[in-house]
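Chemist: A single structure is presented below for examination.
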Amino acid sequence: MTWEGVFTQIINDSHLVTGDDLSAMTDQAVRPLGLNAEVLAVDLAQAALSPVQPEPGTPVAVEGTLAGRAYQLGEIVPGRERGGRVLWVPILDGTDRVGVLRIGLSPGVVDDGPFRRRCWALSGLLGHILISKVPYSERLRWIRGGVSLSPAAEMTWQLVPPRTFATERLVVTALLEPWDTVAGDAYDYAVNAGDAFFAVFDGVGHDLQAGQDTALAITAIRLARRQGITDLRTLASRADDLLLRDLHPPTNGPI
């Protein structure tokens with residue numbers, strides 16, 4: 001098996017694999033190279049990295065661990081585990097950090113520059129696959145949000161784009177706190193080849209209604225933007241119209 005074969009196998013297998021089987025899929029693909037692998041996803045609080053597998057595993061803290069150091073610094077961090085060599089490789093979706101890849105090396109594997117570049121490329125591929133599985137994987141959703149998300153926070157995190165995005169000319173970074181009970185506060189952005197749009201929302205209140213109002217505002221502005229509207233006042237007016245329509249829905253007369 002060559003590295004080309006590993007990438008080909010992972011790409012082909014990823015079409016049908018479930019989100020919680022990503023670690024097993026990756027491990028099976030790299031075994032012929034004398035490696036073993038495990039995917040760990042970070043939670044929304046960016047406090048713990050949990051193994052991506054069907055059954056709950058032991059989380060690894062971001063603070064004070066080699067895995068967390070790789071996640072925080074965005075670089076490969078070597079270590080030792082049960083007497084063997086390990087590489088912790090950050091997993092990125094674009095430039096948004098979503099976890100780490102643990103790669104175990106057998107004694108015959110040479111840990112040099114070309115090898116690490118292939119490990120980096122592998123983790124990048126897995127980042128895209130991991131995020132593509134989140135919308136329909138309850139296991140991945142549980143790892144990312146646990147059971148502590150409020151209804152408003154659950155709605156908000158499904159609505160907002162990734163927290164970090166970058167091109168050669170632009171970097172966007174956003175945070176939402178308190179991450180598990182956020183309501184009414186949100187952000188949105190869109191980046192094209194020649195322009196970028198960014199918005200911050202602050203719905204009145206800190207309850208589910210505030211979250212719903214902000215969700216409607218984001219929806220209205222996104223729809224208007226995709227219709228070619230760029231004037232800020234017009235975009236805000238579209239949001240106002242949808243909010244007023246929700247506040248005073250049309251009726252068909254008395255029942």
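Chemist: Sort Leu16, Leu175 by heavy-atom solvent-accessible area, probe 1.4 angstrom, most to least.
Modeler: Leu16, Leu175
Chemist: A further question follows. Could you state the orientation-averaged shadow area of the convex hull built on the Cα atoms of the stretch 1-139, in nm² to one decimal?
Modeler: Over every viewing direction, the Cα hull of the stretch 1-139 projects on average to 8.0 nm².
Chemist: Additional query: Leaving out ligands, DNA and RNA but keeping every protein chain, what accessible area does Trp120 have, in Å² rounded to the nearest 10, with a 1.4 Å probe?
Modeler: Its heavy atoms expose roughly 100 Å² to the probe.
Chemist: Also, quick follow-up: Against the 2.2 N^0.38 Å scaling, with N counting residues, where does the stretch 5-53 land? I'd like the Cα-based Rg ratio to two decimal places.
Modeler: Working it through for the stretch 5-53, the quotient is 1.24.
Chemist: Only one of the listed values, [x] 35, 20, 15; [y] 41, 19, 17; [z] 33, 31, 15, was derived from the coordinates as semi-axes √(5λ) of the Cα gyration tensor in Å; which label is it?
Modeler: Read-out taken from this structure: [y].
Chemist: Same structure again: Provide, for q = 0.14, 0.15 Å⁻¹, the log10 of I(q)/I(0) from a solvent-free Debye sum over equal Cα point scatterers in the stretch 10-86.
Modeler: Relative scattering, expressed as log10 I(q)/I(0), comes to -0.53, -0.60.
Chemist: Work out which GluC sites (Glu not before Pro) in the chain are exposed loop sites (DSSP not H, G, I, E or B, at most 15 other Cβ within 10 Å) and give the longest gap free of them.
Modeler: Counting only loop sites that pass the neighbour cut-off, the longest clear stretch is 76-167.
Chemist: Something else about it: Compute the long axis of helix 232-247 from its Cα atoms, compare it with the longest principal axis of the Cα atoms of the chain, and write down the angle in degrees, 0 to 90, nearest 10.
Modeler: 80
Chemist: Just to verify a number: what accessible area does Ser106 come out at with the full protein assembly present, 1.4 Å probe, Å² rounded to tens?
Modeler: Surface open to solvent at Ser106 totals about 40 Å².
Chemist: A further question follows. Return the single residue from Asp202, Asp185, Asp112 with maximal mean-square fluctuation; model: Gaussian network over the chain, springs between Cα atoms under 10 Å.
Modeler: Judging by the Gaussian network model, the answer is Asp112.
Chemist: If you wrap a convex hull around the Cα atoms of the stretch 110-164, how much volume per residue is inside, in Å³?
Modeler: It comes to 113 Å³ per residue, whole-number rounded.
Chemist: Each residue of the stretch 110-127 in turn: what ³J(HN,Hα) in whole Hz from Karplus with 6.51, -1.76, 1.60 and θ = phi - 60°, glycine and Pro shown as x?
Modeler: For the stretch 110-127, the Karplus curve yields 8, 8, 10, x, x, 5, 5, 5, 5, 4, 5, 5, 4, 5, x, 4, 5, x Hz.
Chemist: Roughly speaking, to the nearest percent, how much of the stretch 1-81's 1.4 Å accessible area is carbon and sulfur?
Modeler: Details: 2020 of 3910 Å².
Accessible surface attributable to carbon and sulfur in the stretch 1-81 totals 52 percent.
Chemist: Another question, if that's okay. Of Leu87, Leu122, Leu216, which has the largest mean-square fluctuation in a 10 Å C-alpha GNM of the chain?
Modeler: Fluctuation is largest for Leu216.
The values are calculated or read from the model by the stated rules, or taken from the named source; none is laboratory data. Note that the structure is a prediction, hence the values are computed from the model and not measured. Neighbour counts run over all protein chains shown; Cβ positions are idealised from the backbone, glycine included. Side chains are part of the model used for accessible areas, which takes the heavy atoms of the whole protein and leaves out ligands, DNA and RNA. Shrake-Rupley method; radii C 1.70, N 1.55, O 1.52, S 1.80 Å.
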